[in-house]
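See below for the structure under consideration.
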Amino acid sequence: MELDQVGPFEWEIPVGYVSGMRVPGRVFGSRSLVSKALQDRAVEQVANVATLPGIVRASLAMPDIHWGYGFPIGGVAATDADGDGTISPGGVGFDIGCGVRLVRSDLDWNETKPRIRDLVNMLSERVPRGVGGKGRMKLDAGGVDATLREGVLAPMAAGVGWEEDAEFCEDSGRLPDAKPDLVSDRAKERGAPQLGSLGAGNHFLEIQVVDQIRDREAADAMDLFDGQVCVMIHSGSRGIGHQTCQDYVRDFDRLMPELGIEVPDRQLACAPLTHELAQRYLGAMDAAGNFARANRHVLMDAARESFADVFGRPSRDMGMFVVYDISHNLAKLEEYEVDGARRQLCVHRKGATRAFGPGHPEIPDRYSKIGQPVIIPGSMGTASFVLVGTKEAEHRSFSSTCHGAGRAMSRTQAKKQMSGQDLKRQLADQGILVSAGQAKLLSEEAPYAYKDVSEVVESCEGAGLTKVVARLRPVGVIKG
Amino acid sequence: MGGFEAFEHTADVGIRAWGASLEECFEQATRGLLDITGASVPDEGTRMDIAVGGRDLASVLVDWLSEVLYVQDTRDVVITELHVDHVDQHRARGWIAVKPREGPLTGTAVKAVTYHGLSVEQHDDTWTAELVVDV
């Protein structure tokens, strides 16, 4: 079945593409990106999501969409919280609250280049990563609960980071409806030793250089300049999130026969938001989301410390402030206009980022004129981007945009193309120093395994969702 | 007769496992999981009993594998041996033998076991399971 093109970067999946669709699907992207989505059957998953009870307007897909487990990665689904809307933990994913933080500095590449190897070495030592990596910050049971409840405010209370950091995180660093009691003991056990650890897979900590500024006004508001050295951190809630999602998908799956809801994929298990289980999940999800933000906060501290050690100056004197911290795996209760009335919707963003426009009350005053910063991590060895949200995104995509490049091939295929060692050498030739926990798995994350991130962000801009502010290229990469 | 293999998935990994009995199938699925994480080290170990329950066979498999993953992740161990004693529509019972890990795991970190594309089916004399894990 063909998709109807309904805008220059917008395609519709008609109701009936799969049976049980309550609304159409909408895929944002260039023609070439959308045909890739069709090829890997991600479009089918977008259509499956459209069967969720209470889904509003359309099941959305961002240009970086790819086949996931249930929900596609790059999917957005808003359900009617004021009505019969459901919530689906699969629509958030296992890495609850996974996201990206961008930290600026006053340093430029010329002065940093001679020390890049030292920086990468220092970060390799300081940043725990890989399978079973123990976090930088030890937590006892009380500490785990505090982190789940307070987000970045927890490590801050312990003296990690600076007071002004919190303002430049979504929700000021703390999801207020978090309920640590609703996170299982098992999840806490998994998460307790992991605060301030990078994880593995596509997570990274990168030293990057701003190499293109597209929107001067927005870049000025964010204190970004050409040739500037920044640090970008991509990580999530570690074992606490994975276990929490596992626990709740199981509970939702058990409940499904009782609820009489049928979904095309078991991983889409859902329940009405009014149901007690849904409410419990929201509290647990927010708690895990808080852990993810705290995790990135503690990792940032490792970066600040490393820079301070290498340059022999306090990181504050080098202006290493937070530009912004975003989540790209989370469900949020937000208000939107639907059929002429304001309604509260539960917006699932799985591999998609919130993108509020200028003037939105929930973004820092400093960015009120330009819109919410959106941090888009590229794949290893390719560019990352900083965008801003638009007013238009509100009615086009429930204020959502892409999250990254999106995978283009499986891990097995990626490994076949090139060895980890060869890839590392190739990247070094390009001026990118990589420190990988496991060289042999590096090619799973190779640039060729991903879509073209610049095409993805251009599509989002073309569709009116976000605007490109700056491009950053990696010069040092720390991976699990 | 039994065995396992990984199959293609864009971002994650699929496991296909088979055996002459449900128990063997579950064992092979477990070996498949441990093959991905690199946590299987044939050796002497300390036995840990595992017992799980689920609403159907497929969710029993997810619960069983989740349990193994949980032990692997929280106890800093490698799994030296395993045996599945009994599986039915609502339960699985068996044991794994574990030993303290000597270094980091050499495989791919598995975040969780998903319900996506999940099946446990019998054709002729063979039980086959398919599942996807999030890496």
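The values are calculated or read from the model by the stated rules, or taken from the named source; none is laboratory data. Computed from a predicted structure; not experimentally measured. Every residue, glycine among them, receives a Cβ derived from its backbone with ideal geometry; neighbour counts consider all protein chains shown. Ligands, DNA and RNA are excluded from the accessible area calculation, which covers all protein heavy atoms including side chains. Shrake-Rupley method; radii C 1.70, N 1.55, O 1.52, S 1.80 Å.
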Answer from B:Lys111, B:Lys99 - the residue that is open to solvent by less than 50 Å² (accessible area, probe 1.4 Å), more than 14 Å from chain A (Cβ to nearest Cβ) and basic (Lys, Arg): B:Lys99
Residue selected from segment A:236-292 under the condition more than 30 Å from A:Pro128 (Cβ to Cβ) and among the basic types (Lys, Arg), by the criterion least open to solvent (accessible area, probe 1.4 Å): A:Arg266
Return the pairs, sorted by first residue and then second, in which the second residue is open to solvent by 40 Å² or more (accessible area, probe 1.4 Å) and modelled with pLDDT under 95, the first residue lies in segment A:341-352 and is under 11 Å from A:Val56 (Cβ atoms) and assigned to a strand (DSSP E or B), the beta carbons are less than 9 Å apart, and the residues are 6+ apart or on different chains. A:Arg343/A:Asp82; A:Gln344/A:Asp82; A:Leu345/A:Asp82
Qualifying residues in segment A:393-442 (those that are within 30 Å of A:Ala463 (Cα to Cα), in contact with a Lys or Arg (Cβ under 8 Å, 6 or more places away or on another chain) and of a type in the set (A, V, I, L, M)) - the one least open to solvent (accessible area, probe 1.4 Å): A:Ala405
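Residues of segment A:76-94 being under 14 Å from the mean Cα position of the chain (by Cα) and either more than 13 Å from chain B (Cβ to nearest Cβ) or among the aromatic types (Phe, Trp, Tyr) (or both), which ones? Please lay out each step first, then the result.
Of segment A:76-94, the ones under 14 Å from the mean Cα position of the chain (by Cα) are A:76, A:91-94.
Those that are under 14 Å from the mean Cα position of the chain (by Cα) and either more than 13 Å from chain B (Cβ to nearest Cβ) or among the aromatic types (Phe, Trp, Tyr) (or both): A:Val76, A:Phe94.
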Of the residues that sit in segment A:20-56 and are touching a residue at least 60 places away in the same chain (Cβ under 8 Å) and over 24 Å from the mean Cα position of the chain (by Cα), which one is most open to solvent (accessible area, probe 1.4 Å)? A:Gly20
Which of the residues spanning segment B:1-40 are open to solvent by 50 Å² or more (accessible area, probe 1.4 Å), in contact with a helix residue (DSSP H, G or I) (Cβ under 9 Å, 6 or more places away or on another chain) and under 21 Å from B:Thr106 (Cβ atoms)? B:Phe4, B:Glu5, B:Ala6, B:Ser40
Since A:Pro474 meets every condition but one in (1) more than 26 Å from A:Val120 (Cα to Cα); (2) open to solvent by less than 40 Å² (accessible area, probe 1.4 Å); (3) more than 14 Å from every other protein chain (Cβ to nearest Cβ), which condition does it not meet? (1)
If I ask for residues that are touching a residue at least 40 places away in the same chain (Cβ under 8 Å), closer than 16 Å to B:Val113 by Cα, of a type outside the set (A, V, I, L, M, F, W, C) and open to solvent by 10 Å² or more (accessible area, probe 1.4 Å), which ones from segment B:48-80 would you list? B:Ser66
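Restricted to segment A:233-281, and to residues that are free of Cβ contacts under 8 Å to residues at least 40 places away in the same chain and charged (D, E, K, R), which residue is nearest to A:Gln344 (Cα to Cα)?
Step one: list which residues in segment A:233-281 are free of Cβ contacts under 8 Å to residues at least 40 places away in the same chain, which gives A:250-251, A:253-260, A:274-277, A:279.
Right, trim to charged (D, E, K, R) and you get A:250-251, A:253-254, A:258, A:276.
Working: A:Arg250: 27, A:Asp251: 25, A:Asp253: 25, A:Arg254: 27, A:Glu258: 26, A:Glu276: 18 Å.
This residue is A:Glu276.
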Flag for A:Ala200 being within 23 Å of A:Arg136 (Cα to Cα), in contact with an Asp or Glu (Cβ under 7 Å, 6 or more places away or on another chain) and either touching a residue at least 60 places away in the same chain (Cβ under 8 Å) or within 14 Å of chain B (Cβ to nearest Cβ) (or both): no
Those residues that are farther than 14 Å from A:Phe204 by Cα and touching a residue at least 24 places away in the same chain (Cβ under 8 Å), I need them from segment A:427-439; list them, please. A:Leu427, A:Gln430, A:Gly431
Would you mind telling me which numbered condition in (1) over 20 Å from the mean Cα position of the chain (by Cα); (2) open to solvent by 10 Å² or more (accessible area, probe 1.4 Å); (3) β-branched (Val, Ile, Thr) A:Thr112 fails? (2)
Of the residues that make up segment A:411-425, is at least one within 14 Å of chain B (Cβ to nearest Cβ), at pLDDT below 90, in contact with a helix residue (DSSP H, G or I) (Cβ under 9 Å, 6 or more places away or on another chain) and in a strand (DSSP E or B)? no
Say whether the condition of being in contact with a strand residue (DSSP E or B) (Cβ under 9 Å, 6 or more places away or on another chain), within 14 Å of chain B (Cβ to nearest Cβ) and either open to solvent by less than 10 Å² (accessible area, probe 1.4 Å) or within 24 Å of A:Ile116 (Cα to Cα) (or both) is met by at least one residue in segment A:301-318. no
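Among the residues in segment A:284-304, are any assigned to a helix (DSSP H, G or I), modelled with pLDDT of 95 or more and of a type in the set (Phe, Trp, Tyr)? Quick ask: steps written out before the conclusion?
First, the residues of segment A:284-304 that are assigned to a helix (DSSP H, G or I): A:284-304.
If we keep only those that are modelled with pLDDT of 95 or more as well, we get A:284-304.
Then drop every residue that is not of a type in the set (Phe, Trp, Tyr), which leaves A:291.
The answer is yes; a qualifying residue exists.
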The lone condition B:His83 fails out of (1) under 28 Å from A:Ala200 (Cα atoms); (2) touching a residue at least 40 places away in the same chain (Cβ under 8 Å) is (1)
Of A:Asp181, A:Asp226, the only residue that is away from chain B (no Cβ under 14 Å), part of a loop (DSSP other than H, G, I, E, B) and more than 21 Å from the chain's Cα centre (by Cα) is A:Asp226
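May I ask you to verify whether A:Arg296 is at negative phi, within 14 Å of chain B (Cβ to nearest Cβ) and either crowded, with 17+ Cβ neighbours inside 10 Å or of a type in the set (A, V, I, L, M) (or both)? Full working, then the answer.
Working: at negative phi: yes; within 14 Å of chain B (Cβ to nearest Cβ): no; either crowded, with 17+ Cβ neighbours inside 10 Å or of a type in the set (A, V, I, L, M) (or both): yes.
Considered against the rule, which asks whether it is at negative phi, within 14 Å of chain B (Cβ to nearest Cβ) and either crowded, with 17+ Cβ neighbours inside 10 Å or of a type in the set (A, V, I, L, M) (or both), A:Arg296 comes out as no.
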For segment A:463-471, check the following and say yes or no: at least one residue is of a type outside the set (Asp, Glu), buried (at least 24 other Cβ atoms within 10 Å of the Cβ) and within 27 Å of B:Glu8 (Cβ to Cβ). no
